[in-house]
Amino acid sequence: MRWTRQACVEFDAEDVLGELRALFTLPDDRIYLDGNSLGALPAAVPHVLQRVVAQEWGQDLISSWNTHEWLQLPQRVGDKIARLVGAAPGELIVTDSTSINLAKVLSAALALARDRSPARTEIVSERTNFPTDLYVAEGVARLAGASLRLVDIDIDSGSDGGGGVRNAVDDHTAVVLLTQVDYRTGRMLDLAEITATAHHAGALMVWDLAHSAGAVPVDLHEADADFAVGCGYKYLNGGPGAPGFVWMHPRHAAEARQPLQGWLGHADPFAFDADYRPAPGVLGFQAGTPPILSLAALECGVDTVLAAEPFGGVAALRAKSTALTSLFIDLVDDRCPGMQVVSPRAAVERGSQVSLTADVGIDMYALVQALISRGVIGDFRAPDVARFGFAPLYTRFVDVWDAVERLAAVTDSEAWRDPRFAQRAPVT
Ligand SMILES: *Cc1c(COP(=O)(O)O)cnc(C)c1O
């Protein structure tokens, strides 16, 4: 045994990011390893929402659109997120959900590609992509008279080593749509390399950063991507149902058009023109009225990530995250013989999560429920994966130790066999 609980306590004492945990309100009696699905509550949120509700909504009422700059909130929070993903101010807007943003971005990218070459009628994505991405891509393709082609990328080849994307793209490809960090396995793709592969074939590249933004270094300009979308309620800690974001490379600003032409994507919404004129650049990806309460909470969440900037920013978060996930893998290998690590073992190919499955005979859903009953919150992803996220802003090394301790207790005792743990809830 290489590690001890005392060693973990010492890692925490030396951790330069350790004090950031105080920016969150976390339950005392639980170890939260699901920040990849719903980020923890920033301690500032109740106060900020109280102010926005009581003063801005309650007292200042509709004038708040001007006096409290509600109308600019999607851009202000967008500029903050831009700092986390290698984008410039003005290039990224917070709006709608990731699913809806994907529909807008895919439609825009498809139209751009076909304008250049009408033979480009295919969206290429990955078979194991998050289902909403595939559903939306299929729906957009159907409306546009295009098609969706799914490829396989080997789990242990973050760089498309198996050539799944390379072999699929050709002069029929309009758009490649991929999620950088796979929700089920945590496998992380190389943004720059795969973007270059898409561009080499003459296609546009759309990235889904749902499991990346706020947890792993992303440089959209360095990768030379065309469009990106991302999620507000995972590592950005924006709260349940927080809006997502859209980024567009400025080279597409003049031409790109998205189909959900709502009034807030108009160049001058309060002119109440009968004719639609898109707002410049990514502002035109807005459609309807922004959700101000959700945006106010999301801004608090993004601020918790930006609070890491004096300590090394996303690079420091990433270093801690890989240390946490590597420790978890080491401890599971040592202490939980029935468990298999599904995530890539090479830290550079892994996001901020570790997924486990089991030898035959262990019900992973029940295992996750048994762990939850012992205060370790992870989640289950069908068909057979237990998923543990290690949000580096608030997860401690000692949490990793204690979580594996309880996991080992559950597997050794077969506590998961209790029938109450087999009852499936609607959300897993
Ligand atoms: C979480 C996630 C989404 C979420 O989409 P919503 O529209 O916010 O429900 C989309 N794509 C990926 C890859 C995700 O991980």
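The values are calculated or read from the model by the stated rules, or taken from the named source; none is laboratory data. What you are looking at is a predicted structure, and each value in this text was computed from that prediction instead of being measured. Neighbour counts are summed over all protein chains in view; Cβ atoms, including those assigned to glycine, are modelled from backbone coordinates with ideal geometry. SASA here: full protein model, heavy atoms, side chains in, ligands and nucleic acids out. Shrake-Rupley method; radii C 1.70, N 1.55, O 1.52, S 1.80 Å.
Miscellaneous remarks
- Flag for ILE100 being away from the ligand (no atom under 15 Å from the Cβ) and not assigned by TED's automatic domain parsing to the domain that holds ALA346: no
- If you go through the range 385-428 and keep only what is open to solvent by 70 Å² or more (accessible area, probe 1.4 Å), in a loop (DSSP other than H, G, I, E, B) and either touching a Lys or Arg at 6+ places or on another chain (Cβ under 6 Å) or not β-branched (Val, Ile, Thr) (or both), you end up with ARG396, GLU414, GLN423, ARG424, PRO426.
The rows are residues; the columns are (1) in contact with a helix residue (DSSP H, G or I) (Cβ under 6 Å, 6 or more places away or on another chain); (2) crowded, with 18+ Cβ neighbours inside 10 Å; (3) in a strand (DSSP E or B).
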{"residue": "GLY284", "(1), (2), (3)": "yes, yes, no"}
{"residue": "VAL314", "(1), (2), (3)": "no, yes, no"}
{"residue": "PHE328", "(1), (2), (3)": "yes, yes, no"}
{"residue": "ASP333", "(1), (2), (3)": "no, no, no"}
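- The range 81-119: number of residues that are buried (at least 23 other Cβ atoms within 10 Å of the Cβ) and farther than 23 Å from GLN261 by Cβ: 4
- Scanning the range 389-406 for residues that are in contact with a Phe, Trp or Tyr (Cβ under 9 Å, 6 or more places away or on another chain) and either closer than 12 Å to VAL332 by Cβ or among the polar types (S, T, N, Q) (or both) yields THR395, VAL400, TRP401, ALA403, VAL404.
- Subset of the range 195-250 that is more than 13 Å from the ligand (Cβ to nearest atom) and of a type in the set (Asp, Glu) - its residue that is most open to solvent (accessible area, probe 1.4 Å): GLU222
- Among the residues of the range 19-32, those that are more than 21 Å from GLU405 (Cβ to Cβ) and either open to solvent by less than 40 Å² (accessible area, probe 1.4 Å) or modelled with pLDDT under 95 (or both) comprise LEU20, PHE24.
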